[in-house]
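The values are calculated or read from the model by the stated rules, or taken from the named source; none is laboratory data. Fair warning: this is a prediction, and the values are worked out from it, not measured in the lab. Here the Cβ is made from the backbone with ideal geometry for all residues, glycine too, and neighbour counts use every protein chain on show.
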């Protein structure tokens, strides 16, 4: 193991926000717990056999653990010990106040601490959107802690940085990253009218019917938590101010890039360029899917993850 801060289970009272009784829908065979990792208490949803292969699922913006809710049961049934955190700043997890608290290095160390908390040497990690950015960073800086990587609809960091530097098309697609640098205004605009702009953005950029009224009720509740939306936007503020560069560019662990081809935020070519940065990489493009492919095709995504990251240890295979 490396010398990253370790994680440990703590009482749920250590979390800044109480966990609602209906936080986990009855259809999901999972439980909540609190884990302190890298000095920050995180709310974690876990499912599947305790001795199963550890699989950490990382959500993106503006989601929380619930972004993976329909994929949890099939992955648990496949034999994984599935761990889905509210990443720092989100929903029931801690919300450190400073922009610098959301640097990508710290976000990655949060996940290393989770792996430690489950007493594992390695885990398979799958991330969507910002969760994929964290997963890429883990693979480039903590490769000894990952068995496999699945990155969904966010490219390799060097590929994305080059696209923002050289492509006006991608700069226009990513206009909101600059808008989020303004103090206070993004939070005020997003929350106006019971989060009208934020919910409309989810619905307008996804396939019809993807986000149900119940989904959006849960998202509003998560965004309404004290300090949550500011913390979420601080992820964008930190990455622009810090402009980190990975220590190396080639990903050595087995990598699957899943890409909803109708993504309105990111050019499809970035998926192919990301696979080219992997020593053992492949691409699964889902043609009819948008950026929100985990919501639109959760079972297909879960099946692809299980196919890529074998849930059975070598000795258990027939």
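Couple of notes before you dig in:
- In the range 115-124, the residues that are out of contact with any helix residue (DSSP H, G or I) (no Cβ under 6 Å at 6 or more places or on another chain) and surrounded by fewer than 23 Cβ atoms within 10 Å (Cβ to Cβ): 116, 117, 118, 119, 120, 121
- Each residue in the range 169-180 was checked for being closer than 19 Å to residue 90 by Cβ and either assigned to a helix (DSSP H, G or I) or more than 22 Å from the chain's Cα centre (by Cα) (or both), and 2 pass.
- Of the residues 273, 287, 303, 214, the single one that is exposed (fewer than 14 other Cβ atoms within 10 Å of the Cβ), out of contact with any strand residue (DSSP E or B) (no Cβ under 8 Å at 6 or more places or on another chain) and more than 30 Å from residue 18 (Cβ to Cβ) is 287.
- Residue list for the range 217-238, restricted to those being surrounded by fewer than 17 Cβ atoms within 10 Å (Cβ to Cβ) and in contact with a helix residue (DSSP H, G or I) (Cβ under 9 Å, 6 or more places away or on another chain): 220, 224
- Criterion violated by residue 216 - all others in (1) modelled with pLDDT of 95 or more; (2) farther than 20 Å from residue 289 by Cβ; (3) in a helix (DSSP H, G or I) satisfied: (2)
- Residue in the range 181-195 that is under 20 Å from the mean Cα position of the chain (by Cα), surrounded by 13 or more Cβ atoms within 10 Å (Cβ to Cβ) and at pLDDT 95 or above present: no
- In the set 202, 266, 256, only one residue is assigned to a loop (DSSP other than H, G, I, E, B) and either in contact with a strand residue (DSSP E or B) (Cβ under 9 Å, 6 or more places away or on another chain) or at pLDDT 95 or above (or both); that residue is 266.
- Here the strands (runs of 3 or more DSSP E) wholly within the range 1-85 that include at least 3 residues being more than 23 Å from residue 229 (Cβ to Cβ) are 7-10, 30-37, 53-58, 80-85.
- Restricting attention to the range 239-270, the residues that are crowded, with 19+ Cβ neighbours inside 10 Å, touching a helix residue (DSSP H, G or I) at 6+ places or on another chain (Cβ under 7 Å) and farther than 21 Å from residue 141 by Cβ add up to 4.
Residue-wise test of (1) free of Cβ contacts under 8 Å to residues at least 60 places away in the same chain; (2) over 20 Å from residue 302 (Cβ atoms); (3) buried (at least 21 other Cβ atoms within 10 Å of the Cβ).
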| position | (1), (2), (3) |
| --- | --- |
| 52 | no, no, no |
| 57 | no, no, yes |
| 73 | yes, no, no |
| 80 | no, no, yes |
| 94 | no, yes, yes |
| 101 | no, yes, no |
| 126 | no, no, yes |
| 129 | no, no, yes |
| 132 | no, no, yes |
